[in-house]
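Engineer: Before I ask anything, here is the structure I am working with.
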Amino acid sequence: MYYDYHMHSSFSADSNTPMEDMINKSIELGVKEICFTDHVDYSIITNNMEENHIVDYKEYFRKLEYFQNKYKDKIFIKKGIEMGLQSHTISKCEEDIEKNEFDFVIASIHTINKSDLIERDFYQDKSQFEAYRQYYEILYNVIKKFKSYCVLGHLDIVKRYGDLNNIIDDKVFSDEIDEILKMAIYDGKGIEINTSCFRYRLPDLTPSSYILKRYKELGGEIITTGSDSHNSAQVAYEFKTVYNSLQEMGYKYICTFDKMKPNFIKL
Ligand SMILES: [Zn+2]
Ligand SMILES: [Zn+2]
């Protein structure tokens, strides 16, 4: 039984796939429960213009509730969001979460200094080492203040857009990674395993096996599984592989969420 807790639809700026296509594909694959986590990213500069990539929450909830009901005998559908955080957008993101009744919130870093990591500007004026170091520091500083989330999204995304041929070993950043994981655990938060690593041809899982194991060693128990799919072909992608990996690492449960509260499902 699979639970895909990271899924985008045409409510995200970077997907054209109707929600219903994602739902039908999930049903076809026998996925038990899915959570839509469309993108909200405030304050991104694209072509010299500052933009907010937001979701029409009213329409989003209306559609989610419609499909929850329409497909209630076939699949559970949850209401989530993926918040792309920057230190100066935290209060705006918190406000959105307070105003809307989400089941699940992913806290992600997509943008640094208003520049999307995908554009790679962030990497230009610094070494790979410095980019990783700054990324982890920024993530730590964000979650020091921002607590309105359930799991950290693609925790080591800095690797994805850096030099894939020269990924720096996690041991070099073990202190930084430990600080982030300890704070998440202290706050009762989880991390997600994000199967986009297979699409981006990363040599490891996302986050890495090191981080997944370390989270567990430090006492973390909340793990969600997400495909980060932006079209239906990516739904539950490589889930068999990651469910096996989690079991091999000694994880006994994965989580689903209801109104921000975790439920533990036996693996
Ligand atoms: Zn993301
Ligand atoms: Zn995503």
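Taken together, the values in this text are just the output of simple stated rules run on the coordinates, not laboratory data. Owing to the predicted nature of the structure, the values given are computational and were not obtained by experimental measurement. Ideal geometry is used to build each Cβ from the backbone, glycine not excepted, and the neighbour counts take in all protein chains shown.
Engineer: When you go through V40, V31, V55 one by one, which is the residue that is within 30 Å of N141 (Cα to Cα), in contact with a strand residue (DSSP E or B) (Cβ under 6 Å, 6 or more places away or on another chain) and not in a strand (DSSP E or B)?
Structural biologist: Details: V40 fails: not in a strand (DSSP E or B); V31 fails: within 30 Å of N141 (Cα to Cα).
Being within 30 Å of N141 (Cα to Cα), in contact with a strand residue (DSSP E or B) (Cβ under 6 Å, 6 or more places away or on another chain) and not in a strand (DSSP E or B) holds for just one of V40, V31, V55, which is V55.
Engineer: From the list Y5, Y60, exactly one residue is within 23 Å of L152 (Cβ to Cβ), assigned to a helix (DSSP H, G or I) and either within 14 Å of ligand 1 (Cβ to nearest atom) or not charged (D, E, K, R) (or both). Which is it?
Structural biologist: Details: Y5 fails: assigned to a helix (DSSP H, G or I).
Every option except Y60 fails the conditions.
Engineer: Same structure, new question: Checking I191 against (1) surrounded by fewer than 21 Cβ atoms within 10 Å (Cβ to Cβ); (2) outside any helix (DSSP H, G or I), which test does it fail?
Structural biologist: (1)
Engineer: Which residues, taken from segment 15-44, are within 13 Å of ligand 2 (Cβ to nearest atom) and within 15 Å of the chain's Cα centre (by Cα)?
Structural biologist: C35, F36, T37, D38, H39, V40, D41
Engineer: Oh, and also: So, in segment 104-150, of the ones that are over 14 Å from G84 (Cβ atoms) and within 16 Å of ligand 2 (Cβ to nearest atom), which residue ends up surrounded by the fewest Cβ atoms within 10 Å (Cβ to Cβ)?
Structural biologist: The extreme case among them is C150.
Engineer: Return the residues of segment 129-151 that are out of contact with any strand residue (DSSP E or B) (no Cβ under 6 Å at 6 or more places or on another chain) and outside any helix (DSSP H, G or I); say none if nothing qualifies.
Structural biologist: F146, K147, S148
Engineer: Just to be sure I understand, how many residues within segment 213-228 are part of a loop (DSSP other than H, G, I, E, B), more than 16 Å from ligand 2 (Cβ to nearest atom) and not charged (D, E, K, R)?
Structural biologist: 4
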